[in-house]
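Trainee: Structure in structure tokens, see below.
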Amino acid sequence: MSVALLDHPVYIVTLAFLGSGALLAGLVLAAFSALLSFWAGYAENGVMIQVGRRAFYATAAMILAAGVLLETALLTHDFSLAYVVEHSDLSTPIALVAAAFYGGQEGSLLYWALILGILGSASLLASARIGLRLAAYAAGIMAAILTFFLVVLVLVASPFDVLQITPPDGLGLNPVLRDGGMLIHPPVVLAGFASFAIPFSFAAAALLAGRSDAAWIAHTRRFALVAWGLQSAGLVLGMWWAYHVLGWGGYWGWDPVENVAFMPWLATTAYLHSSQVQERRGRLRGWNFGLVMLAFLLVVFGTFIVRSGIVPSVHTFAVSAIGPWFFGFLGVCLLFSVGLLAFRAGDLKSHAEPAPAVSREGAFTLQNLLLIGVIVVVFWGTMLPLVSGMLGQQRVVGPTYYERAAGPLFVALLALMAAGPLVPWRHAGAPLWRSLRWPAGAFAFLLAALLVAGVRSLPALLGLSLALAVAATVVYEYARAVGRWRLAGGGWSRALTLVVRRRRHYGAYLAHLGLAVLVLGLAASHFWQQEKDVTLLPGEQVSVAGYTLTYAGVQNRELADHSEFVAAMSLGGQTLEPARATYAGLGGQSLTHVAISSSPIADVYVVLAGTNGDGSASFRIFVNPLVSWIWAGGAIIILGVLLGNAGERRVAVAPVAARVRSPVGAS
Amino acid sequence: MIRWGIAMAVVAACVGYLVYSASGGSSEYYLTVSELRAHSPTTGDVRVAGVVQDDIQRSDGGLHLRFTEKDGTASMLVDYTGTVPDIFRPGITVVADGRLGADGVFHARAVLAKCPSRFSTTPYTS
């Protein structure tokens, strides 16, 4: 488009009109697709099923068009739109202006609908083999969810509202959010949230169609893994952002906003494991449906919690009219899920014989119960302010509650992660005890080493030692694979075939390894973080946890929209420059720039608290052991998800009885 | 099915116990300044929400702060040592975590600010 066009008022009005029009057309198409798909699925009318499906693709296209229009409005600084005025200005860097698309309430809902439209279309395109009726119902449910979002976008929170007077500049972006993290964390978290609707739709469709066999699992599992991977990445990126930007030395505060992102992740973790029990042994059918539905309900619940502001949180989202809408949506989804499960309860009874307690099935079952336990703990902690507020004076819980209540459950889960993958399906025998030597040895080794080093805290001892045991189990599994590969004659092509053929298996263990690395980082930085507040004159030194820092001096810089004090601290050969910027245009708001010297052993984390007239400066200095392991662990988990999900081979849905007893460690 | 039920009951009992024991020991009252003035409770830490007033005094290079936190009618003096969130300034809502001393000053061990999850600073009204 040409610059001349941009100045033309007709064009600007047209852009808003086009955006609203695209949303309205999307709404009509979504509602049409939902109704038609349900009817056509019920009547098993192949042509109409196709029409319903195409209406869904068209909905996704309309949402995409609306998204492109909003992005165009942002990038061309079209200040006739309220959304553009409220979320960007002329001085904001262009990448952050583009990120304003999902930075505000209305835009984030549009982004959510867009992801749902795209992933939903992909899931329908890939659903050729799961049966016409099931796919039609799934399309209907996804279209119904999109209808809800589009109703909210059209009626309550439209990003295309036009201001009566076009201001010359926007209000801009809070400096706390002017960071590269803004470009990756929110879109990943929102995409994760949106993607939980896909497994939900296919699970509910399978129940509606009366197909409680494992066929839906093979299809759902893949999209559940996509959702799980996105949510894992979103959680770790959120921690990374908080750690690098906010300057409190930590990364997780058990705030309601964090909790509601964590709970669907826990439910999906449970599902990814229990679904294997159904695939292999035909058991836990009703349970699996319940878990997929729970994950989605937790997403809707979480959205309602954070957007309505009903519980006190460090984060304040714009409290707006969408709270009641999400509450209603939550109620409808809950009734629908519970009703559907009750309606099909008769079909969901397990016909397979129960397995002994010490078996892979037993381990998965216990793991599931523990994960549900963690969800209960987190849910209660999140809802306590609301519940206690109704009964009397409002009460809140802090990190201590979560550590005490969820800590023992995490320890039990780690122990299961170390032992579980070595326990065979159905019956445990002598080989089990032999293979358990590895994790047990790793556990005992680190436990002894830590005891000798003088560690006496039981949670620290158990957390770190069990994390190493988990890693040992994974290494043992990989060592066995290498052994088999050698036995088969070696060679790169054979190694590749081996990994590719069992990528689900090796992907899962890679994710386990990533989690073990992440837990080591979490535990070490949690239990051994050191912190010191200090005021130094130029030339003075301070020592924290064996790291000596020398304060060189402070400089004042005047920049276009802010002024900043930059302190220089030398640590060994390098210079750290923690800074504090003040934005005069934003009511004198200040912004900390943390300086971090990162190494695999520990991060030295320096915050400039303030400067004094005599040239001295005050600092808060943290030494955080093994924090970089958290980010490394997160990256390994994502690699595992990519490996485990890359072009999965068709899962044979053979009758259970036809399967022979599998060897130790097979999955 | 029975074993499944037993496992569920055992885990449920453990989780119930953990939640009960942990929330009993570590939950805090969440109050506004006027509620704190009205109840004047108790032992243990409380969290008090209010708006920061225009009288922030910093000393010790910004690591030690005194300011007044106010809501509607009631106000209290807060004393705090440590770093405050970036958005801390007069006019924003903060939550001080700590206890009211015998001197009538609220001694905070943490000051939390509402994090701006919105892009914009204030909604635009024309």
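We did not get these values from a lab; they are worked out from the coordinates using the rules stated. Values in this document were obtained by computation on a predicted structure and should not be read as measured data. Backbone-built Cβ (ideal geometry, glycine too); neighbour counts: all protein chains shown.
Trainee: Contour minus end-to-end for residue A:357 and residue A:35, with contour as 0.36 nm per residue of separation and end-to-end as the Cα-Cα distance?
Mentor: Extending this stretch completely gives an extra 111.3 nm.
Trainee: What does the charge count around residue A:45 come to, taking other residues whose C-beta lies under 15 Å from its C-beta (Lys +1, Arg +1, Asp -1, Glu -1)?
Mentor: +2
Trainee: Now, a different point. R0 = 22 Å: FRET efficiency of residue A:501 with residue A:433, Cβ-based, nearest 0.05?
Mentor: Details: r = 29 Å, r/R0 = 1.31.
FRET efficiency, residue A:501 to residue A:433: 0.15.
Trainee: For region B:29-113, place one equal point scatterer on every Cα, skip the solvent, and apply the Debye formula. What is log10 of I(q)/I(0) at q = 0.10, 0.16 Å⁻¹?
Mentor: -0.20, -0.52
Trainee: How big is the charge dipole of region B:29-113 about its Cα centre, in debye rounded to the nearest 20, if each Lys and Arg gets +1 on its Cβ and each Asp and Glu gets -1 on its Cβ?
Mentor: 60
Trainee: What is the distance, in nm, between label points placed 7 Å from the Cα along the Cα-to-Cβ direction at residue A:72 and at residue A:527?
Mentor: Spacing of the two 7 Å Cα→Cβ label points: 5.8 nm.
Trainee: At 7 Å along Cα-to-Cβ for each site, give me the label-to-label distance between residue A:184 and residue A:444 in nm.
Mentor: Output for this residue pair reads 4.2 nm.
Trainee: Debye sum, Cα scatterers, region A:389-447, no solvent: what log₁₀ I/I(0) at q = 0.12, 0.13, 0.16 1/Å?
Mentor: -0.50, -0.54, -0.67
Trainee: Cα-Cα pairs above 25 Å in region A:14-169: how many percent? Walk me through the intermediate numbers first.
Mentor: Values: 4142 of 12090 pairs.
The share of Cα pairs beyond 25 Å in region A:14-169 comes to 34 percent.
Trainee: State to the nearest 20 debye the size of the charge dipole of chain A about its Cα centre, where the only charges are +1 on K and R beta carbons and -1 on D and E beta carbons.
Mentor: Here chain A has a charge dipole of around 3920 debye.
Trainee: Based on DSSP H runs of at least 4 residues, each adding -39500 (n - 2.57), what is the mean residue ellipticity at 222 nm of chain A after dividing by all its residues, to the nearest 500 deg cm²/dmol?
Mentor: Values: 21 runs with 408 residues, N = 667.
So the helix-based figure for chain A works out to -21000 deg cm²/dmol.
Trainee: Going toward the positive end of the dipole of chain A, with +1 on Lys and Arg Cβ and -1 on Asp and Glu Cβ, which of A:358, A:546, A:23 do you reach last?
Mentor: Checked the options; the winner is A:358.
Trainee: Go through A:422, A:181, A:530 and say which Cα lies farthest out towards the positive end of the charge dipole of chain A; charges sit on Cβ, +1 for Lys and Arg, -1 for Asp and Glu.
Mentor: About the Cα centre, the residue reaching furthest to the positive side is A:422.
Trainee: Any idea what log10 I(q)/I(0) is at q = 0.06, 0.11 Å⁻¹ for the protein assembly as shown, Debye with uniform C-alpha scatterers and no solvent?
Mentor: Reported log10 I(q)/I(0), two decimals: -0.42, -1.39.
Trainee: Now, a different point. So what's the gap between the Cα centers of region A:327-391 and region A:210-267, to the nearest angstrom?
Mentor: 17
Trainee: Still on this structure, I have one more. Summing +1 for each Lys or Arg and -1 for each Asp or Glu, what net charge is found among the other residues whose Cβ lies under 15 Å from the Cβ of residue A:290? If you can, show how the numbers build up before the last one.
Mentor: On the way: positive: A:283, A:285, A:344, A:349; negative: A:347.
Counting the neighbours of residue A:290, the net charge comes to +3.
Trainee: To the nearest 0.05, what FRET efficiency results for residue A:393 and residue B:81 with a Förster distance of 22 Å applied to their C-beta separation?
Mentor: On the way: r = 28 Å, r/R0 = 1.27.
About 0.20, to the nearest 0.05.
Trainee: Taking trypsin sites (Lys or Arg not before Pro) as candidate sites, keep only those in a DSSP loop with at most 11 other Cβ atoms within 10 Å, then name the longest stretch of chain A containing none of them.
Mentor: On the way: sites that count: A:129, A:349, A:456, A:649, A:650, A:661.
That would be A:130-348.
Trainee: So if I place +1 on the C-beta of Lys and Arg and -1 on the C-beta of Asp and Glu, and nothing else carries charge, what would the dipole magnitude of region A:147-240 be about its Cα centre? I want it in debye, nearest 20.
Mentor: On the way: 4 positive and 4 negative charges, 76 e Å.
The calculation lands at about 360 debye.
Trainee: With each pseudo-label sitting 7 Å past Cα toward Cβ, what's the residue B:109-residue A:128 distance in nm, one decimal?
Mentor: Calculated label separation equals 6.3 nm.
Trainee: Only counting other Cβ atoms within 10 Å, I'd like A:239, A:48 sorted with the fewest neighbours first.
Mentor: Fewest-to-most ranking of A:239, A:48: A:48, A:239.
Trainee: If you average the C-alpha positions of region A:412-478 and of region B:5-33 separately, how far apart do those two centres end up, in angstrom?
Mentor: Here the two parts' Cα centres lie 28 Å apart.
Trainee: So, one more: Projecting each Cα onto the charge dipole of chain A (Lys/Arg +1, Asp/Glu -1 at the beta carbon, about the Cα centre), which of A:32, A:76, A:272 comes out farthest on the positive side?
Mentor: So the residue we want is A:272.
Trainee: Also, I was wondering about something else. Rounded to the nearest 0.05, what FRET efficiency do residue B:74 and residue A:493 give with R0 = 56 Å and r taken as the Cβ-Cβ distance? Could you check? Intermediate values should be presented prior to the final figure.
Mentor: Numbers: r = 76 Å, r/R0 = 1.36.
Plugging the Cβ-Cβ distance into 1/(1 + (r/R0)^6) gives 0.15.
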